[in-house]
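Working notes, structure below.
The values are calculated or read from the model by the stated rules, or taken from the named source; none is laboratory data. From a predicted model like this one, the values you see are computed outputs, not experimental measurements. All Cβ positions, glycine included, derive from the backbone under ideal geometry; neighbour counts span all protein chains shown. Side chains are part of the model used for accessible areas, which takes the heavy atoms of the whole protein and leaves out ligands, DNA and RNA. Shrake-Rupley method; radii C 1.70, N 1.55, O 1.52, S 1.80 Å.
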Amino acid sequence: MTADETNHPNLTELGYDEHSPVRVDEHTDGHGHEVALPEDPFADPGLEPHRPRATDIDEKVARSKERLIAALFTLSALCTIGFMVAYTEVSKTATVNFFPIGAVSASNFALGLLLGVALFSLGAGAIYWARTLMTDVEFPQERHPLESDTETKAQAAAEFRQGVEDSGIKRRPLIRRSLLGALAVLPLPALWILRDLGPLPGDSLRHTAWKAGERIINDMTVSIDGTTGQGIKPEDITIGSLVQGRPLAALTAGEDLNNMMAKSAILLVRMDPADIKSQQERDWGYQGIVAFSKICTHVGCPVSLYEQQTHHMLCPCHQSTFDLSEDGKVIFGPAARSLPQLPITVDADGYLVAKSDFDQPVGPSFWERG
């Protein structure tokens, strides 16, 4: 841009006609003459003309799309049947080595994969059907306001009051009370049927597989089939480190492994004994090593995010945070109770073992907990 252009900017860009110093107005043609504007500058432009798809004009293409959609629906049906077969035939203790995750439950893997493919195929088939074969012509529909006018609402309220009066429910307490009683009893069969879900839990929710002398097994040393593993010695845990453990009984639990681990999984951390604020926690630990339940007291998620500087344990599901240096108490989040601590010591061979079971139920609260 030259110096002359800098001193004399483009007049058109500033709103002036390039041939005269008359300012261009949006309602004129640039020469001072008024220009007629449409009555509604935001008028509905209407729908674009319908453009037929290949399936609308070529039956051969439509047939190929039809076969693809049918294949997706058939795949969904086969995976659904496979899900039912896997539910009954795949062992709960079987494992598969799934890269890059590692060893996972074969039952959970099969059920999740089959159900996921079944639902995806069903949804994909329905969407593809709608996009390729169903009509795609758009039909606008004008709708009136859905709210009733004041007069109609007043009339409805009056008719309701009149209906109550005509029923005589206010004047006949015997009918009213017997009706309320029948409605109160009506839901009871549903609760009664729940009895068929299995035996009552009794006090099983209050106890885990831990007992006096039960050796702690390092989860990282457990074999793929879950039948072998190594114990933990105090020197195996350094200050600031986190170790996940299970009871020795879990190695022979078989079909009950998942139920056992749902209550008995623990976390072990080692702190400087001077950092432990609670005397009970110090007494229940061993040389600064403390063991806490791995099951969050909110909804039962596994907690495993440890911050060694603050000794805080975070649950990744809903961010409940527990202070492991002070009885595992809740310092943030929706959890209502502290993480239960497992009393530990060492056995004659120098391995960490439990002194007893937890002194309170682990995991989320349940109504009969008291």
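Assign one of three labels to segment 222-370, namely rounded, prolate or oblate, based on the Cα gyration tensor with a ≥ b ≥ c the square roots of its eigenvalues; rounded applies when a/c is under 1.5, prolate when it is not and a/b is larger than b/c, and oblate otherwise. It comes out oblate by the Cα gyration axes.
Partners of Lys92 within straight-line reach, counting lysines whose Cα lies under 19 Å from its Cα and excluding those fewer than 8 residues away in the same chain: Lys263. Annotation: lysines with alpha-carbon distance below 23 angstrom to Lys277 (same-chain offsets under eight excluded): Lys294, Lys329, Lys355. Using the average count of surrounding beta-carbon atoms within 10 Å as a protection proxy, the listed peptides 96-107, 242-253, 310-321, 201-212 rank, highest first, as 242-253, 310-321, 201-212, 96-107. Measuring nothing but protein heavy atoms, the accessible surface of the chain at 1.4 Å probe radius is 60 percent carbon and sulfur.
For segment 103-221, what is the accessible area per residue in Å² when the probe is 1.4 Å? Kindly include the intermediate steps, with their values, before the conclusion.
Numbers: 9650 Å² over 119 residues.
Result: 81 Å² of accessible area for each residue.
With a cut-off of 13 Å between beta carbons, the residues surrounding His50 carry a summed charge of -2, where Lys and Arg count +1 and Asp and Glu -1.
Among the GluC sites (Glu not before Pro) within segment 55-154, those in coil by DSSP and having at most 13 neighbouring Cβ atoms inside 10 Å are Glu138, Glu142, Glu147. For the chain, a simple Cβ point-charge model (Lys and Arg +1, Asp and Glu -1, everything else neutral) yields a dipole of about 3000 debye relative to the Cα centre.
Could you give the angle, 0 to 90 degrees to the nearest 10, between helix 59-89's Cα long axis and the longest principal axis of the Cα atoms of the chain? For helix 59-89, the angle is close to 20 degrees. A helix-only calculation puts the chain at -10000 deg cm²/dmol for mean residue ellipticity at 222 nm, using -39500 (n - 2.57) for each DSSP H run of at least four residues, averaged over all residues.
Once a ≥ b ≥ c are taken as the square roots of the eigenvalues of the Cα gyration tensor of segment 189-289, is the result rounded (a/c under 1.5), prolate (a/b larger than b/c) or oblate (a/b not larger than b/c)? Oblate shape, in that a/c is at least 1.5 and b/c is the bigger or equal ratio. Once the other residues with Cβ under 15 Å from the Cβ of Arg131 are scored (Lys, Arg +1; Asp, Glu -1), what is the net sum? Computed value for this residue: -1. Taking a ≥ b ≥ c as the square roots of the eigenvalues of the Cα gyration tensor of the chain, is the shape rounded (a/c under 1.5), prolate (a/b larger than b/c) or oblate? Since a/c reaches 1.5 and a/b is larger than b/c, the shape of the chain is classed as prolate.
Accessible area per residue for segment 288-370, computed on protein heavy atoms with a 1.4 Å probe, is 42 Å².
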